[in-house]
Structures are given as structure tokens and as C-alpha cells.
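Structure record follows, encoded as C-alpha cells.
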């Protein structure tokens with residue numbers, strides 16, 4: 001049995017080699033189908049992995065409140081209309097009233113130029129309470145974060161992002177140096193690890209964090225804030241809390257039923273959803289494309305096998321003469337069609353993985369091998385090989401030896 | 001080994017019956033070397049196909065190896081062919097993409113005989129037929145005589161009791177043809193039963209027994 005299987009394999013490969021061009025054409029359909037299935041599985045998994053990483057980097061269980069109107073897109077949140085109605089007091093009330101909220105981080109963010117010696121850099125200033133470092137998972141490369149006392153004392157100290165340090169200080173130790181932010185000398189007390197662009201489209205490495213009170217009194221002299229992060233306990237339904245915050249804030253702001261919100265509340269999920277809708281659309285298209293390619297591939301193999309069987313009448317005849325049974329003939333041709341389909345599948349997996357590597361590299365996604373889709377591809381390839389080969393193989397058994405050997 | 005009783009064979013073209021064999025009674029014993037001689041259309045190839053279990057008679061009884069084989073289906077006949085009969089054809093019928101050695105090995109794929117070391121055996125056969133240097137050549141790289149010797153090796157690989165050769169020299173020049181016939185004579189001396197079908201009167205000298213077939217009947221049966 002083993003010997004005969006080896007023999008079939010040998011014959012199958014010999015035929016592949018003889019009819020290279022024809023076989024390559026017939027396995028292209030399967031190749032493309034498997035390629036798109038594998039590449040899509042890998043890339044979308046890599047994208048999800050990246051999103052998961054981003055979420056955990058951004059901070060867990062977060063609800064984001066912003067004053068004014070904010071427009072949510074897959075790339076983040078865009079300010080639509082400003083408002084000055086959100087006060088520090090509002091955040092305190094929300095935190096007190098809603099027990100599910102573990103931490104509240106009021107903040108004021110804006111863009112200022114920062115200067116050190118003769119170098120200037122446009123940075124994002126964020127005045128926030130010190131708990132922002134824990135809530136948003138901000139880890140320092142060097143130095144220390146500011147404290148509640150620093151905030152109360154309105155100390156002019158700053159924790160800067162990696163690029164701020166890298167661009168302005170180069171190799172100099174920045175700790176204890178003074179950065180001119182909006183012409184206010186601010187002492188650098190810490191530098192943040194390199195973080196990249198966050199979920200809302202904000203380059204984390206261009207951030208400068210300073211105590212909120214310092215910002216509101218010494219830099220900007222405002223009595224309102226731009227927003228707040230709320231962190232809930234684990235396992236809380238963020239959607240519900242979002243609604244509670246909204247209702248509470250509308251009451252605090254004395255908004256009538258007819259009036260629109262003068263603030264926006266969203267979670268990372270809201271941003272995620274718009275992204276996932278994109279991925280879902282692509283996934284439906286990919287599946288349709290794969291199915292069509294598999295069908296075309298199957299038809300290609302079917303046609304080639306019919307041709308191959310017809311061309312090899314003599315071979316079938318002589319096999320029958322020397323004692324092959326019908327099932328031997330069927331098995332032999334099925335072996336061939338399955339091998340063609342599997343070669344298409346294997347090259348499809350290879351090409352799919354190459355595409356994955358390229359797309360992951362260009363898109364900055366982590367490489368992920370979607371094993372499920374790879375096994376599925378092999379399974380479907382074998383299935384297509386059998387389905388496309390069975391009819392031609394049965395045709396092959398219908399030849400009568402003494403007729404084809406005339 | 002072979003016993004034919006009142007074998008008739010007709011083909012039907014539409015309603016018309018075309019009789020090919022018109023009543024053949026024949027017994028061939030183990031160890032014989034028989035030449036079937038006849039012009040084309042005499043029915044000799046049809047007779048050989050029936051003897052070789054490739055075709056079935058319309059009437060009559062056929063006992064092969066003392067067993068009536070008339071009721072057997074295609075699949076069972078295939079098993080008997082594989083076990084007992086080696087075939088040699090005028091056009092050799094070697095598979096073009098397999099080399100000589102692989103062609104010789106084809107019957108092994110379907111064999112239930114459990115031949116030991118089939119590859120070595122195939123090499124021995126080819127060596128014996130003067131093809132030691134040709135084992136890895138494709139049929140297209142071999143001469144007609146060489147191809148026919150590969151085909152004979154293929155017929156022998158599974159240790160058959162009977163060898164059926166249909167016009168084995170038909171595609172060869174007379175010198176090569178004679179060499180092939182000598183080969184059959186040698187194999188017969190080793191104990192194989194051999195039936196050669198031909199239209200060529202010059203081959204008559206190679207047989208121990210000559211059976212002439214004319215118009216679907218045996219017209220002459222001489223044992224020398």
C-alpha cells in the first residue's frame with residue numbers, strides 16, 4: 001500500500017513537471033483564495049493585537065469626558081465645537097456621586113511652543129491632577145511624577161514626553177533643567193518612556209504634563225477645564241456609567257430637555273467600534289473573494305483533470321490490463337488533483353504570510369500567525385482537490401482497455 | 001491451463017451481428033509455446049483478448065487455471081490478470097514520463113503477491129535483457145527493441161504463469177524481432193507458458209505449436 005502510494009505521488013509529480021504551465025494556471029485560483037484568507041486572518045489579528053496593546057497602554061476602564069462637541073472617528077476624537085462650561089467642581093461632584101468611579105482626572109490640554117536654549121518645539125501641554133500617571137499607565141524613564149502637594153502648591157514642574165526630551169536636550173540630562181513653556185520657566189522633573197501615537201491620535205511623546213492647578217493659575221488663568229478621564233472599577237458596564245455621567249452633568253449644567261449636551265462622553269470602545277466596522281467590511285469582502293477564488297480554482301483543477309484523464313487513456317488502459325482496479329484509478333487521479341490543490345494552498349499560505357509581513361511592517365502591526373485560517377485553508381484545499389477530481393477520476397474508470405489500446 | 005469450449009464472439013453494429021469467432025475449442029497446457037497465426041480480421045486478437053481476460057465471449061465456456069471464469073466481473077478479472085498473466089503489445093505501451101525501471105514496476109503497484117525486493121528484481125530483469133545501462137532512461141530515449149524488452153520485463157515482474165504477446169515484433173525490424181522471439185523461447189524453456197499472436201509467417205519457426213486461425217475458426221493446429 002505504502003509502495004503504491006509513493007508510486008502515485010511520483011506519477012503525480014511527474015505529471016506536474018511535464019505540464020508545468022497548465023498546472024500552475026490551475027492552482028492559481030486556490031493560491032489566491034488561500035493567500036487572501038491567510039493574509040487577512042494574520043493581518044486582522046495583528047491589528048486587533050495592536051488595538052489591545054493600545055487600550056492597555058491608554059489605560060483600562062476609561063471614560064473620556066470632553067467639553068464641547070467631539071466627533072468620534074476611527075482615528076480618534078476630533079474637537080468640533082469648544083465650550084467653557086465644564087468646571088473642576090463638576091468633576092468633583094461626579095466623582096462623589098458615582099461610586100463606580102475609582103479615579104477622576106480633570107485636565108486642560110492645549111498646544112504651546114516650548115523652548116530650551118535656542119531650540120523651540122511645539123508641544124501638547126496637559127495640565128492634569130497627578131493621578132493621571134496611574135490612570136493612563138504613564139511610566140517614567142527617568143525622574144519622578146509630580147504629586148498632589150506639587151499640584152496644591154502650583155509648582156512649575158513638568159514631566160515631558162520622549163521626543164520633547166530627545167529633540168530639545170539630545171544627550172544632556174534634562175532633570176532639573178528649565179523649559180520655557182509659553183515663556184514660563186518650568187522645571188523638568190521626569191521624562192516619559194517612548195510611547196508613540198495613542199488611540200485618540202495624540203503623539204504621546206510630544207506631551208508635557210504639568211499640575212492642573214499650576215496650569216490654570218500660572219499659565220492660562222482659566223476657571224474651566226477641557227475634560228476629564230474617569231476610571232471605573234473592573235467589570236463595570238462602561239456604557240451605563242457613561243449614561244449616568246451624562247445625566248448628572250446635564251443636571252449640573254442645568255440643561256433643559258430641548259438643549260443639546262455641551263460636552264461629549266466616549267469610551268475607547270466607541271473609537272474601536274468604528275474601526276471594527278471597517279475591519280468587518282473588509283472581512284466580508286475577503287471571504288467573498290476567497291469563496292469565488294476557491295470556486296474558480298476548483299473549476300480550473302476540474303478542467304485540467306478532465307483533460308489529463310482524456311490524454312492518459314493509454315496509461316489507464318495499460319494499468320487496467322496489468323491489474324489495477326477501478327478504485328486504484330480513482331485513487332491515483334484523486335491523489336493528483338489533491339496534490340495540485342495542496343500545492344496551490346501551500347504557496348497561498350507562503351504568499352499570504354509574505355503579504356502579512358509587508359503589511360504589518362508598513363502598518364506597524366505586530367506579526368501574528370492566524371493558525372486557524374492556515375489549517376482551514378489546507379482543509380479547504382484538500383476538499384476542493386477531492387471535489388474537483390472525483391468526476392474526472394470516475395470518467396477515467398469508464399475506458400475499456402481493449403478499446404483504448406487499439 | 002487454458003480450456004476453451006465452443007467460444008463464439010460477435011460484435012453488433014446496430015442491428016447487424018458481426019461474428020468474429022465462430023466456435024473455438026482449444027486447450028493449452030502449462031509450459032507450451034504457442035503461435036496464433038492469422039491475417040488481420042481473422043479473429044486472432046479477439047481470441048487473445050478473451051484468453052487474456054480482457055474481453056468476454058458471447059457464447060461458450062472458458063476455464064482458466066481449471067476455473068470457469070465466465071461469471072467474473074471486471075474487478076475480479078483484473079485480479080486474475082495481475083496474478084497470472086503478463087502482457088506484451090505491438091506498441092509497447094510504456095508510460096512516457098516514467099523511466100524504464102519505473103515502467104517495469106507498474107504491475108507491482110496492484111500486486112497482491114508480495115514480491116520481495118521488486119526494485120532489485122526489476123533491475124535484474126533489465127540487466128538480463130541487456131538494459132543494465134538503460135534503467136533510468138525514458139521510453140523516448142530507447143530504441144524499439146529496447147522498449148519492447150522493457151515491456152517484456154514489465155510482463156515478467158509479477159511472476160506470471162502465462163505471457164500473452166500480441167504482434168510483439170510488429171513494430172520492429174526483422175533482426176530485432178527475431179531477438180525478441182528468441183527471448184520468448186528462452187523464457188519458455190524456463191517454464192513460462194507463452195502465446196504469441198502474429199500475422200507474420202516467418203515467426204512460425206519459433207513455436208512448438210502453431211495454431212492457424214482463419215475467419216473465426218481454427219484451421220490448423222500443428223505441434224512440432
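The values are calculated or read from the model by the stated rules, or taken from the named source; none is laboratory data. Owing to the predicted nature of the structure, the values given are computational and were not obtained by experimental measurement. We place every Cβ from the backbone using ideal geometry, glycine too, and count neighbours over all the protein chains shown.
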Taking the stretch A:122-137 and keeping only residues that are more than 19 Å from residue A:58 (Cβ to Cβ) and surrounded by fewer than 18 Cβ atoms within 10 Å (Cβ to Cβ), one is left with A:122
Scanning the stretch B:156-166 for residues that are within 12 Å of another protein chain (Cβ to nearest Cβ) and within 15 Å of residue B:80 (Cβ to Cβ) gives B:158, B:160, B:164
Here the residues within the stretch B:107-125 that are in a loop (DSSP other than H, G, I, E, B) and away from chain A (no Cβ under 11 Å) are B:116, B:117
Open item on the list: Quick check on the stretch B:182-193. Is at least one of its residues outside any helix (DSSP H, G or I) and either in contact with a helix residue (DSSP H, G or I) (Cβ under 6 Å, 6 or more places away or on another chain) or crowded, with 22+ Cβ neighbours inside 10 Å (or both)?
Closed with: yes
I'd like to know if the stretch A:201-216 contains one or more residues that are without any contact (Cβ under 8 Å) to a residue 12 or more places away in the chain and assigned to a loop (DSSP other than H, G, I, E, B).
no
In the set A:83, A:56, A:45, the lone residue that is loosely packed, with under 13 Cβ neighbours inside 10 Å, touching a residue at least 40 places away in the same chain (Cβ under 8 Å) and more than 23 Å from residue A:300 (Cα to Cα) is A:56
When restricted to A:348, A:317, A:352, A:300, the only residue crowded, with 17+ Cβ neighbours inside 10 Å, in contact with a helix residue (DSSP H, G or I) (Cβ under 9 Å, 6 or more places away or on another chain) and within 14 Å of chain B (Cβ to nearest Cβ) is A:317
Filtering the stretch A:95-122 for residues that are within 18 Å of residue A:178 (Cα to Cα) and either in contact with a strand residue (DSSP E or B) (Cβ under 6 Å, 6 or more places away or on another chain) or assigned to a loop (DSSP other than H, G, I, E, B) (or both) leaves a count of 10
Practice task
Answer yes if at least one residue in the stretch B:140-156 is free of Cβ contacts under 8 Å to residues at least 40 places away in the same chain and surrounded by fewer than 16 Cβ atoms within 10 Å (Cβ to Cβ), and no otherwise.
Solution key: yes
Of the residues in the stretch A:262-276, those that are surrounded by fewer than 17 Cβ atoms within 10 Å (Cβ to Cβ) and without any contact (Cβ under 8 Å) to a residue 60 or more places away in the chain number 2
By residue number, the members of the stretch B:47-66 that are within 14 Å of another protein chain (Cβ to nearest Cβ) and either part of a loop (DSSP other than H, G, I, E, B) or in contact with a helix residue (DSSP H, G or I) (Cβ under 8 Å, 6 or more places away or on another chain) (or both) are B:49, B:52, B:53, B:54, B:55, B:56, B:57
How many residues of the stretch A:123-136 are part of a strand (DSSP E or B) and under 29 Å from the mean Cα position of the chain (by Cα)? The answer is 4
Over the stretch B:67-101, the set of residues within 19 Å of the chain's Cα centre (by Cα), crowded, with 23+ Cβ neighbours inside 10 Å and more than 10 Å from chain A (Cβ to nearest Cβ) is B:88
May I ask you to verify whether residue A:306 is farther than 23 Å from residue A:406 by Cβ, more than 14 Å from chain B (Cβ to nearest Cβ), touching a residue at least 40 places away in the same chain (Cβ under 8 Å) and over 25 Å from the mean Cα position of the chain (by Cα)? no
Looking at residue A:308, is it in contact with a helix residue (DSSP H, G or I) (Cβ under 8 Å, 6 or more places away or on another chain) and part of a helix (DSSP H, G or I)?
yes
Notebook entry, point to check: Hey, does the stretch A:284-294 have a residue that's assigned to a helix (DSSP H, G or I), within 14 Å of chain B (Cβ to nearest Cβ) and on the phi < 0 side of the Ramachandran plot?
Noted result: no
Within the stretch A:388-406, residues in a loop (DSSP other than H, G, I, E, B) and either at pLDDT 95 or above or at the interface with chain B (Cβ under 10 Å from one of its Cβ atoms) (or both) come out as A:397, A:400, A:405, A:406
| request: Consider residue B:104 carefully, then state whether it is more than 10 Å from every other protein chain (Cβ to nearest Cβ), out of contact with any strand residue (DSSP E or B) (no Cβ under 8 Å at 6 or more places or on another chain) and either assigned to a helix (DSSP H, G or I) or surrounded by fewer than 21 Cβ atoms within 10 Å (Cβ to Cβ) (or both). | output: yes
